[in-house]
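Read through the structure below, which is laid out as structure tokens, and then see the notes.
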Amino acid sequence: MCSCIAEHYRKSNRQLNKIREEHCLSGLIDAHIHWCLFGRQPEEVVAEIGWLERNGYEAVIVFPLPAMEVPPERAIELIPGAVLDLTGIDASRMLLHDDLRAWLVFKFLWAAEARSLQVLSFLDVRAWDGRSDLALWWNKGHTGLKNVLILEEDEGKMRMTPLHQVIGIGREEYLNAHRAFFTAAALWNLPVVYHADLSHHAAFVEECLKANPKLRVVIPHLGFSRRHMARLLDRFPGVMTDISNLRPLIEAERESYRAFIIDYGERVLMGSDTVACLDLRPALEYAHCVRELRLPGEIEAAVLGGNARRFLGMLHSQSIK
């Protein structure tokens, strides 16, 4: 383990012990956790999610990532550069370990004992070309779908190659694949987590939402633009957002983020953006972050779990228990 990751663990453990001492929480739902296990033992993840269960979590949403038909030597380009730096995932780990298969192993282990926490999987289809049959990867079933829109405009922020180049299709074919993604989710009545930088792609996302007005969609990270996110929230009642990976920004600009969350108190979910191959316990820091905003009680409860329950709807019945 490199020194930076070891320090990450030490710092997180100190913070988490403090949070546990200060707050007794329950009914928490983390709506944004990446799987990316790639060789880590699933038993370790079982232990960490069990720790979250004991600390008040009712459910977590995780995103298994199959490479689909992306050439093996390019599969590493499906993952943002910052995640690669933090976790140490490299091409050899991706070649040796299939993320969807690792999820199925975990699913079996988690279901082996009685649990109060539900682990819900949203299949991450960022590698889909829009033509192949998604049933090939749906396998044992999931609760929803996840996708990521990465074009040339996003390269600097995400440190990723434009995904149409990774998949091996043209830019317009790639956008058509994303249109097909929305259509499929609406047809199957599945909730969606759709990562898109609204400062670049608000018009495209709005087009897809107009074509599928009843779809339940979470656009994470406040869409990378509170102004554009607010416009979508105002226009599309099925759209929500989450605060994943925004804790440093929220803590630096507490009042402005507090005001946004109060304005859209029924539309913001808690998410951490933690990664299963590293450590899931720091997800609790996001519950602490929400509590520190001192939101009105009903809004705090909605952000910590209530909004996610509405987003998931009756599909809770499809989860592992």
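Rule-based calculations on the coordinates, nothing more; no lab input. The shown structure was predicted, so the numbers you read here are calculated from the model rather than taken from an experiment. So basically every Cβ, Gly included, is an ideal-geometry build from the backbone, and we count neighbours across all protein chains shown.
Report the Cα centroid-to-centroid distance between segment 262-305 and segment 40-56 in angstrom, as an integer.
So the separation of the two Cα centres works out to 19 Å.
Using a Cα-Cα cut-off of under 18 Å, which aspartates and glutamates could be cross-linked to Lys214, ignoring same-chain neighbours fewer than 8 residues away?
Glu206, Asp234, Glu266
What ranking do Thr274, Thr183 get, fewest neighbouring Cβ atoms within 10 angstrom at the top?
Thr183, Thr274
Return Ser199, Ser272 ranked ascending by Cβ neighbour count within 10 Å, so the fewest neighbours appear first.
Fewest-to-most ranking of Ser199, Ser272: Ser199, Ser272.
Setting aside same-chain residues fewer than 8 positions from Lys107, which aspartates and glutamates have a Cα under 15 Å from its Cα?
Answer for Lys107, where 15 Å is the Cα cut-off: Glu43, Glu44, Glu48, Asp98, Asp99, listed by chain and number.
Could you line up Ser116, Ser244, Ser132 from fewest to most neighbouring Cβ atoms inside 10 Å?
With the sparsest Cβ surroundings first, the list reads Ser116, Ser132, Ser244.
For an R0 of 25 angstrom, estimate the FRET efficiency from the Cβ-Cβ distance between Arg101 and Glu285 and round to the nearest 0.05.
Between Arg101 and Glu285 the formula returns 0.25.
Quick check for you: which residues of segment 219-251 have the amide N under 14 Å from the point 7 Å beyond the Cα of Glu292 toward its beta carbon?
Residues passing the 14 Å test: 245-251.
Just flag the GluC sites (Glu not before Pro) in segment 224-312 sitting in loop per DSSP whose Cβ has no more than 16 other Cβ atoms within 10 Å.
Those satisfying the criteria are Glu253, Glu266.
If the label point is 7 Å along Cα→Cβ of Ser116, which residues in segment 26-45 have backbone nitrogen under 14 Å from it?
Within reach of a label on Ser116, which here means backbone N under 14 Å from a point 7 Å along Cα→Cβ, segment 26-45 contributes 26-29.
Which value at 222 nm does the chain reach when only helices count, each DSSP H run of 4 or more adding -39,500 (n - 2.57), with the total divided by all residues and rounded to the nearest 500 deg cm²/dmol?
-13000 deg cm²/dmol
What distance in nm separates the simple spin-label points at Arg54 and Thr183, each placed 7 Å from Cα in the Cβ direction?
Between Arg54 and Thr183, the simple spin-label model gives 5.0 nm.
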